2 protein chains.
Amino acid sequence: MVVDQLSEAEADRLFQAFADATRRDIVRRVTVGEYSVSGLAALYAMSFAAVQKHVAVLERASLVTKEKRGREQIVRGNHEGLQKARRLLDEYEAIWRQRVERIADILAEA
Amino acid sequence: MVVDQLSEAEADRLFQAFADATRRDIVRRVTVGEYSVSGLAALYAMSFAAVQKHVAVLERASLVTKEKRGREQIVRGNHEGLQKARRLLDEYEAIWRQRVERIADILAEA
DNA sequence: ATATCGTACAACCAAATGGTTGTAGATCAG
DNA sequence: CTGATCTACAACCATTTGGTTGTACGATAT
């Protein structure tokens, strides 16, 4: 029963997207409030185009969505990507738990 | 009460390390069993040096440890890095929960 | 109507990434 | 001792990444 087998490419995109401090900050901001792309750009010491690229990376990773409103593009947090990332890490955690159990079993046999 | 404020650089290293399928596979393998660097290298269609670099990336991110045993270097999973990554994602999840609560409050006022 | 604003996108650049081969030092086996 | 094995690391290369500036275009305000 594979609920949602994340493709390797999807996992790549997710973690890659998280691997940048500016992008992590954007995710936090747009989860709490609403920001246009230029609204976000005003927050960082880099060009509008650079921020635009960061948003695009986050969008491809399903960590934010964009919605056109007038001439602005509103960026919002997308729970989907975060959930996928967490589920991924949970799998690694599960492997650790299994390992611990296995060792406990071996010790119990002694 | 900041328990373990992850530096941005640390977070970068962690997620960057996870952002590669080969490295994620290495993490899984060495969590379950013991592998030397060359033992790992035998598993992938790339050079020993390439695998060695992947292991180095994982080590810098605290996702694996290396221990010298004779002429071999044994690679083992390191729970520390994984825990840090999970804690990080948990913070983002917490922001989401706060957002949901805030919206619920607003609705309750109406 | 015109100027301004917000966005998209192309072209470019430097640095980082993910791979290679080659060399050299330890350690182990015969 | 000699040869094979495991590791480390340097040098190199192609591609990607993270930034820049410049151009174009739809939406808004005056």
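Label separation (B:I74 vs B:L6): 2.8 nm, computed from points 7 Å beyond Cα along the C-beta direction.
Dimensions of chain B along the principal axes, based on C-alpha atoms and rounded to the nearest Å, stand at 69, 31, 24, largest first.
How charged is the neighbourhood of B:V37? Take every other residue with its Cβ under 14 Å from the Cβ of B:V37, and add Lys/Arg as +1 and Asp/Glu as -1. Here the count lands on +4.
When the range A:1-84 is described by a simple charge dipole with +1 on each Lys and Arg Cβ and -1 on each Asp and Glu Cβ, the residue from A:F15, A:Y44, A:N78 located farthest towards its positive end is A:Y44.
Would you mind getting the accessible area per residue of chain A, heavy atoms of the protein chains only, 1.4 Å probe, in Å²?
Details: 6250 Å² over 110 residues.
It amounts to 57 Å² per residue over chain A.
Here each label is just a point 7 Å from Cα along the line to Cβ, and for A:D90 and B:I106 those points are 2.8 nm apart. For the range A:64-104, which whole percent of the accessible surface, found with a 1.4 angstrom probe, sits on carbon and sulfur atoms? Ligands and nucleic acids excluded, carbon and sulfur reach 44 percent.
Give the relative contact order (percent, whole number) for chain B; include only Cα pairs under 8 Å separated by 6+ residues.
Values: 98 pairs, mean separation 28.3, N = 110.
Relative contact order here is 26 percent.
Where the centroid of each part is defined by its Cα atoms, how far is the range A:36-110 from the range B:20-65 in Å? If we compute the Cα centre of each part, the gap is 24 Å. Label-point spacing at A:I74 relative to the other copies reads 5.7 nm, in ascending order, each point sitting 7 Å out from Cα along Cα→Cβ. Compared with the dominant principal axis of the Cα atoms in chain B, helix B:48-60 is inclined by about 40°. Buried between B and A is an accessible area of approximately 3100 Å², summed over both sides with a 1.4 Å probe.
Annotation: amide H-H contacts under 5 Å for B:S36 (H modelled 1.01 Å from N, sequence separation of 5 or more, or interchain): B:V75.
Distances, shortest first, from the label point of A:R87 to those at the same position in the other copies read 2.6 nm; the point lies 7 Å along Cα to C-beta. Across the identical copies, the 7 Å label point of A:A21, projected outward along Cα→Cβ, sits 3.2 nm from its counterparts, in ascending order. Under a Gaussian network description of chain A, with springs only between Cα atoms under 10 Å, the residue in A:Q83, A:Q98, A:Q16 that fluctuates furthest is A:Q98.
Using just its DSSP H runs of length 4 or more, each adding -39500 (n - 2.57), chain A gives a mean residue ellipticity at 222 nm of -21000 deg cm²/dmol after division by all residues.
The values are calculated or read from the model by the stated rules, or taken from the named source; none is laboratory data. All values reported here derive from a predicted model rather than from experimental measurement. Reconstructed Cβ throughout: ideal geometry from the backbone, glycine too, with neighbour counts over all protein chains shown. The area values use the complete protein model at the heavy-atom level, side chains included, leaving out ligands, DNA and RNA. Shrake-Rupley method; radii C 1.70, N 1.55, O 1.52, S 1.80 Å.
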